[in-house]
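Note sheet for the following structure.
Laboratory data are not the source of any read-out in this text; all were calculated from the coordinates shown. A quick note: this is a predicted structure, and the numbers were derived from the prediction, not measured. With ideal geometry, Cβ positions are generated from the backbone for all residues, glycine too; neighbour counts draw on all protein chains shown.
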Protein chains: 2
Amino acid sequence: HGRSGRLPVNVKLCFDGEEEIGSPNIEPFVKSNQTLLAADLVLISDGAMIRTDQPSIDYGLRGVISAEIHVTGPHRDLHSGSYGGSVHNPAQAIAEIVTALHHPDGSVAIPGFYDDVTSLSPAERELLQQVPYDETQWGEETGAPQPWGESDFTFYERMTSRPTCEVNGLWGGFSGEGFKTIIPAKAGAKISMRLVESQDANKISEQFVAFVESLAPDTVNVSVDVQAGADAAVTPHDSPYIQAAMQAYEAGWGATAVLSRGGGSLPIVATFQSELGTPFVLMPFGLDDNRHSPNEHYRLDHFDKGLDTAVYFYHFLSQN
Amino acid sequence: HGRSGRLPVNVKLCFDGEEEIGSPNIEPFVKSNQTLLAADLVLISDGAMIRTDQPSIDYGLRGVISAEIHVTGPHRDLHSGSYGGSVHNPAQAIAEIVTALHHPDGSVAIPGFYDDVTSLSPAERELLQQVPYDETQWGEETGAPQPWGESDFTFYERMTSRPTCEVNGLWGGFSGEGFKTIIPAKAGAKISMRLVESQDANKISEQFVAFVESLAPDTVNVSVDVQAGADAAVTPHDSPYIQAAMQAYEAGWGATAVLSRGGGSLPIVATFQSELGTPFVLMPFGLDDNRHSPNEHYRLDHFDKGLDTAVYFYHFLSQN
């Protein structure tokens, strides 16, 4: 079955080649082509499986905001002997601001950040506990010496269902070989935040900017700029679409999928939801595969098995 | 006078071409050539005058320690969506460590750092208040929006007679154009400290390393390495050598010098003091001149007037 010579459902294909730079063109395209794109369901195969022998279907994604903070102080790098003690060091100032973004327990310190965060239901916490992901696998994948983060939540909840704030980049002064005893003229940081459902990216952006501005001492100049934002996206995990996906994995991949959430962000999914009112199914066929790192890659056997699974998905979708 | 065809005092010349890299060779040379270098006084013309119309004689210099802190976490840069919330971000960790080096009031937080710091006598505080350096000049030289530092001390005391701790460099993750939503694998900082008399560079180094190690959370790997250290140096400001220098400026420069302290460090001065037991006179002929910055330079008219002043110094030295 599924090879009867014709598609059992209507299919519209949409390609986005700009996802890694924030998809600047697809959102206006979706907004101005709602009739053309109207659909019952959006199917996307971005993201990562839990393990190569354990397919997963993501029913949730986190939103994301990216921002830059710039600190300037003296009009040039100063000799730290001549001026040290009298000038607020911009590298120290950016460290102070970055530190203030978290409480010592690992939670985010931006006032209002958790105001709209809804708790996972006991049923959903139980569902996520079925995902076979443990500290050993986390240790192998990350190489980090110890886990970190909010102790009231499991590993998997922290990585998928809790909002975060990360320093993606930090700079200031001299970082080459040897020493240059300066007070740097400037320093800065790139920050991104992952958001969960009910958090509004625009509101969080405003809270972030207001907080950084409130932290800025008058001994340096601080500017903060939010560059991009996208809301989180969640689709009902008990929908017939998800059921069809489960059946497709059984038949095409030869394994039972688990229902999971992705911790990353696909801003286009939130756009489809808000503009077209469309639920989504995410069937990831990648593994971690060094995403956003050197030697990022994709397994060819997953490509082949993923094709089979997708064909079965259209079949079961037409049956349900 | 002073041009009688012969030098009125014996002179030994010593050249150090490695001062900016910590003078790795001159200290062993001084230690193994004490008889060759034996002298009543060391005269050095490094450093900076207060203003071009206000010569100054430095009777004190701060010591210096340089150190690097390295933080490593995950074995590669990680996707902040996939792992954010579970991995301690090394850029956040270095920010936390750097922030902890100071109290909110600007004083250094390293335990024991001030233990051996002696207070300036009321007479010496008064002497330093004669140095015509004010907030306006500081503002023009630095361009910093507001002064910063220990409020119990004057500007000039903070810049010359109080110990400091500065971040000379800070790095971690992605600092290019645009965004890369990663948890960086590593981050670090270069730190230097300026020391005052009675502080021992070796002891402060040990206190610094112990403090950074005590700050290191077990969720990342932290290493700290102190690379170079030199004690502060102070010479009696009421000595006949200083009197001769005052007379030399009157005659050679045509202005009355003030007695001041330099905030920077000349490790060789401390070495001459400890190895040869020799007092020193610092007659700086430079101005700020963008030291340790692009377009560092030296004024030719100061070179000429400095030559005259030095000739008069030898003359008055032989008279006193």
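Per residue of the range A:155-160, in order, report the coupling 6.51 cos²θ - 1.76 cosθ + 1.60 (Karplus, θ = phi - 60°) as ³J(HN,Hα) in whole Hz, putting x for Gly and Pro.
Ordered by residue, 3J(HN,Hα) equals 2, 5, 5, 4, 7, 10 Hz.
For the range A:229-320, which GluC sites (Glu not before Pro) pass both filters: DSSP loop (anything but H, G, I, E, B) and at most 12 other C-beta atoms within 10 Å?
Those that pass, being in a loop and sparsely packed, are A:Glu296.
Mind putting together the pair-distance distribution for chain A? All Cα pairs, 20 Å bins, whole percent per bin, short to long.
27, 52, 18, 3, 0
Which helices, counted as full DSSP H runs in chain B, have an axial Cα extent of no less than 20 Å and a Kyte-Doolittle average of -1.0 or above?
B:201-215, B:300-319
With the dipole of the protein assembly as shown worked out from charges on the C-beta (+1 for Lys and Arg, -1 for Asp and Glu) around the Cα centre, which of A:Pro217, B:Leu127, B:Phe303 lies farthest toward the positive end?
The listed residue farthest towards the positive side: B:Phe303.
Using 0.36 nm per residue, how much length does the chain from A:Asp152 to A:Glu140 gain when fully extended, once their Cα-Cα distance is taken away?
2.0 nm
Run through the range A:1-65 and list the chymotrypsin sites (Phe, Trp or Tyr not before Pro) located in a DSSP loop whose Cβ has at most 14 other Cβ atoms within 10 Å.
Counting only loop positions with at most 14 other Cβ atoms within 10 Å, the chymotrypsin sites (Phe, Trp or Tyr not before Pro) in the range A:1-65 are A:Phe15.
Would you tally the net charge around A:Ile97, using a Cβ to Cβ cut-off of less than 13 Å, leaving A:Ile97 out, and scoring K and R as +1, D and E as -1?
That sum, taken over residues with Cβ under 13 Å, equals -3.
Could you tell me which of the pairs A:Lys180/B:Lys186; A:Lys186/B:Lys190; A:Lys190/B:Lys190; A:Lys31/A:Lys305 are separated by over 24 angstrom between their Cα atoms in the structure shown?
Violating the 24 Å limit, Cα to Cα: A:Lys31/A:Lys305.
Between A:Asp225 and B:Thr256, what FRET efficiency comes out of the Förster formula 1/(1 + (r/R0)^6) with R0 = 60 Å and r the beta carbon distance, rounded to 0.05?
Calculated transfer efficiency: 0.70.
7 Å along Cα→Cβ for the label point: how many nanometres lie between B:Gly176 and each equivalent label in the other copies, listed shortest first?
Computed spacing set for this position: 2.0 nm.
For the protein assembly as shown, what does -39500 (n - 2.57) per DSSP helix run (n ≥ 4), summed and divided by total residues, give at 222 nm, in deg cm²/dmol to the nearest 500?
About -9000 deg cm²/dmol.
Give me the inter-chain shielding for B:145-154: mean count of other chain Cβ atoms within 10 Å, whole number please.
Whole-number average of other-chain Cβ neighbours for B:145-154 is 5.
For B:Ser56, enumerate residues with amide H under 5 Å from its amide H, sequence gap 5+ or separate chain, H modeled in the peptide plane.
B:Ile50, B:Val258
Can you list the copy-to-copy distances for A:Ala39, using a point 7 angstrom from Cα toward Cβ, in nanometres, shortest first?
8.2
Show the residues, 5+ positions off or on another chain, whose built amide H is closer than 5 Å to the amide H of A:Gly169.
A:Lys190, B:Phe174
Please give the charge dipole size of the range B:141-226, origin at the Cα centre, charges +1 on K and R Cβ atoms and -1 on D and E Cβ atoms. Round to the nearest 20 debye.
Charge dipole of the range B:141-226: 300 debye, to the nearest 20.
Evaluate the charge dipole of the range A:3-103 about its Cα centre and quote only its size in Debye, nearest 20, assuming +1 on the Cβ of each Lys and Arg and -1 on the Cβ of each Asp and Glu.
For the range A:3-103, the charge dipole is close to 280 debye.
Within the set of other residues whose C-beta is less than 15 Å from the C-beta of A:Ser198, count the net charge using Lys and Arg as +1 and Asp and Glu as -1.
-1
Output, in nm with one decimal and in ascending order, the distances from the B:Glu126 label point to the matching label points of the other copies (7 Å from Cα along Cα-to-Cβ).
Once sorted, the set of distances for B:Glu126 reads 8.3 nm.
Run the dipole for the range B:36-150 about the Cα centre, Lys and Arg Cβ at +1, Asp and Glu Cβ at -1, nothing else charged, and hand back the magnitude in debye, nearest 20.
My answer is approximately 500 debye.
In whole Å, what is the distance between the alpha-carbon centres of the range A:52-70 and the range A:154-188?
20
Of A:Gln227, A:Ile97, A:Trp253, whose Cα points farthest to the positive end of the dipole of chain A (charges on the beta-carbon: +1 Lys, Arg; -1 Asp, Glu; origin at the Cα centre)?
Value computed over the given set: A:Gln227.
Springs between alpha-carbon atoms under 10 Å, Gaussian network over chain B: tell me which of B:Thr271, B:Thr309, B:Thr99 tops the mean-square fluctuations.
Checking each option, the largest mean-square fluctuation is seen for B:Thr99.
What net charge is computed for the residues neighbouring A:Pro279, neighbours being all others with C-beta under 13 Å from the C-beta of A:Pro279, Lys and Arg scored +1, Asp and Glu -1?
-3
I need the chymotrypsin sites (Phe, Trp or Tyr not before Pro) found in the range B:225-320, filtered to DSSP loop residues with at most 13 other beta carbons within 10 Å of theirs.
Passing sites in the range B:225-320 are B:Tyr298.
Provide the FRET efficiency to the nearest 0.05 for the A:Asn10-A:Glu213 pair, computing r from the beta carbons and using R0 = 45 Å.
0.35
Neighbouring Cβ atoms within 10 Å as the yardstick, rank A:Val11, B:Val269, B:Val222 fewest first.
If I rank by nearby Cβ atoms, fewest first, I get A:Val11, B:Val222, B:Val269.
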